[in-house]
1. Be a star and scan region A:156-190 for residues whose amide nitrogen sits under 20 Å from the point 7 Å along the Cα-to-Cβ vector of A:Phe80.
2. So which GluC sites (Glu not before Pro) in region A:344-411 are both in a DSSP loop and have at most 11 other Cβ atoms within 10 Å of their Cβ?
3. Arrange the peptides A:267-276, A:81-90 so that the one whose residues have, on average, the most other Cβ atoms within 10 Å appears first.
4. At a Förster radius of 45 Å, what calculated FRET efficiency corresponds to the Cβ-Cβ distance of A:Val395 and B:Ser37, to the nearest 0.05?
5. Could you state the number of Å between the C-alpha centres of region A:307-333 and region A:90-159?
6. Sort by residue number and report every cysteine in chain A with no other cysteine beta carbon within a distance under 4.7 Å.
7. Which length gain, in nm to one decimal place, applies between A:Arg371 and A:Glu54 when the Cα-Cα distance is subtracted from 0.36 nm times their residue separation?
8. Give the angle, between 0 and 90 degrees and rounded to the nearest 10, that separates the Cα long axis of helix A:3-12 from the longest principal axis of the Cα atoms of chain A.
Amino acid sequence: MEEESDTRKINNSFLRDHNYATEADIISTVEFNSTGELLATGDKGGRVVVFQREQESKTQPHRRGEYNVYSTFQSHEPEFDYLKSLEIEEKINKIKWLPQQNAAYFLLSTNDKTVKLWKISERDKRPEGYNLKDEDGRFRDPSTITSLRVPVLQPMDLMVEATARRVFSNAHTYHINSISVNSDLQTFISTDDLRVNLWNLEITDRSFNIVDIKPANMEELTEVITSAEFHPQQCHTFAYSSSKGSIRLCDMRQAALCDKHCKYFEEPEDPSTRSFFSEIISSISDVKFSHNGRYLMTRDYLTVKVWDLQMENKPLETYQVHDYLRGKLCSLYENDCIFDKFECVWNGSDSVIMTGSYNNFFRMFDRNTKRDVTLEASRENSKPRAILKPRKVCVGGKRRKDEISVDSLDFSKKILHTTWHPHENIIAVAATNNLYIFQDKVN
Amino acid sequence: MFPKGTKRKFSDSGEEPVCSGDQGPSASPAAARTLSSSYSLQRQSLLDMSLIKLQLCHMLVEPNLCRSVLIANTVRQIQEEMTQDGTWQIMTQALAAAQCPADRLVATEVLCRQTDAAAQAGQSPKPFPVSGLEEGYHSEEVVMDGDVEAEVTMSSLSPVSPQLSSASYLPGPFGMAPCWEEEEEDGDCEEDEEEDSEESVSEEEESEPDHLRADSRTGEQVFGTFEIKHPAPPPDPALEELFSDVDPSYYDLDTVLTGMQSTPKMGPYDLLESLSSHAPTALSSSSSCRSDLNELDHIMEIIVGS
């Protein structure tokens, strides 16, 4: 897809495909699989809902495949930690798909403490014509059997079943914030506030701790790990971000314990904007490698930054997501919004990046043209199949007709989780308990 | 009120708290050598807010470690700045000086009770600011390593020990004196226990007018009603002697972070409810400097009373 047409589509042509309102629960993660055929969402109630894209129909070419519910299952249940007298939330923090290797689909889902590998498979045939059993399952009296037959597979209504194939538990004292599948497809990492553990997908009773930033004396704790991800192609490389705004790239070949980073990315603080909130807003909430493996993207409270892996001292690009909030940091600290963890995503060609904001707004930045757009995920302000209208926040002075002033922003409507189809311009955006899917217009 | 004319020792060119924009940022240009009172007010209110946040992190679900660490770092940063300015020192001195004689009686009694803190297991929640932080990671220490830390911290709670943990800024346990839970008791601490102990302590409190007075100040403190209900008493040499070996270093947040045993498993609303019985709870965020002496009063109570 040409860059130019990309841009045009991004700015003008995203239209609302459909939206699904899940009943009670706030969506806590969304993720396309590696082909984009499936879209998984996890919610606060521990459920996973998987959507599947319809095959494109030849009779209605203007309708790209829609996403319909494919499977729903309860991934995690609430637990109680008896040792500490604390509840363990069943909220799904992250879902990561494994690339498809056979007819079944596999995904990893995690709550604060436990990672599970789920197999989602279809069943559309069942054997009929058993010798020893009736059709309803009752055993036949062997003396009544006079002939033998071979059971045959008969078609049945499609049934999608999800089974938990592995449970990776008891490896994390603190809350798991991310998981990442290695490109070797044999291992994955799970990360909590102070440690990163490496697992083999086949082995559930042990994991290797590869990063540990817990200080010997806990009173010296000033920094926590906020996110970690494997490099998309190099199976020995991973990166983790911290609450102090730094990213460390580690090579697992160097040592068993990757406490020594091989690259350290941090932008020096700008003394002119320093305030008591500087550290909090520099805390990185998400880190993502680009698909081509050459760049890293990080999200902190007010900006998204793209880093070149070859340049550690400053980011390649910095994009302001909602700089108008800089003057409101005190209120945002008071109402805890300053601690919101926004995610960020690359598009398939790494030319556009996207992240969420407040008031159900989300932002896209085109890295090539340097243009950006603010869109809104809301039922009230967009009709189905209508092209999304770009939004604008007015920062002061005269407010134009369609603009929204900073003070009217609804901070309870935040878009923390978004995902982009690996090849096409289809995005899924979670707005509290609603899921929105947007596609670009087909010409 | 911080004495007027206190000069800033270092000029911070960019360093001003960015507060919600009603009045705009305080005018503290790099060249100004005088600590602007509105800046210090903003800083003060930020500090109070942060401590309340840390305190209210006690929920049934383990609190967010990242958030706690960020808030604790903010508090530390403010503290460092106040130390540089010299205002921290002033505050701790005023604190020692502000202790009123009647409280000393309470303090003495509390001191006695404190020594057998072991018997206080499962007592009322000590809504210590960073106990939420503790909750997440300290418990592990105790369980896994049979940590000595637990014992160390217990002994540090005794006021006579120079290791007394800072409790300095904690909108404390409403004068509920011996309310540091033992870490080992963590597992036993459930909400029912808490409620019981809260009740029992409040009963105790009612029977002691001094204590109650202290509580009402504490209660006010937490909610930031910054009015002086009692005039600051003149410094008492006897008190100063009593507290002479109190080391101001434990106002340091670090000791606060470790000094605390965990968990009150008290939800934020429980905290509000328990306080409502004491003082008027006008949530006021405009901190008048007159409140500071009040703060100092009750900080002293915490140190003594815990």
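1. A:170
2. A:Glu380
3. Going by the mean number of other Cβ atoms within 10 Å, highest first, we get A:81-90, A:267-276.
4. Efficiency at R0 = 45 Å is approximately 0.90.
5. 49 Å
6. A:Cys235, A:Cys262, A:Cys337, A:Cys344, A:Cys394
7. Stretched out fully, the A:Arg371 to A:Glu54 stretch lengthens by 110.9 nm.
8. Here the helix axis deviates by roughly 90 degrees.
Laboratory data are not the source of any read-out in this text; all were calculated from the coordinates shown. Since the model is a prediction, treat every value here as computed from it, not as a measurement. Cβ: placed from backbone, ideal geometry, glycine included. Neighbour counts: every protein chain shown.
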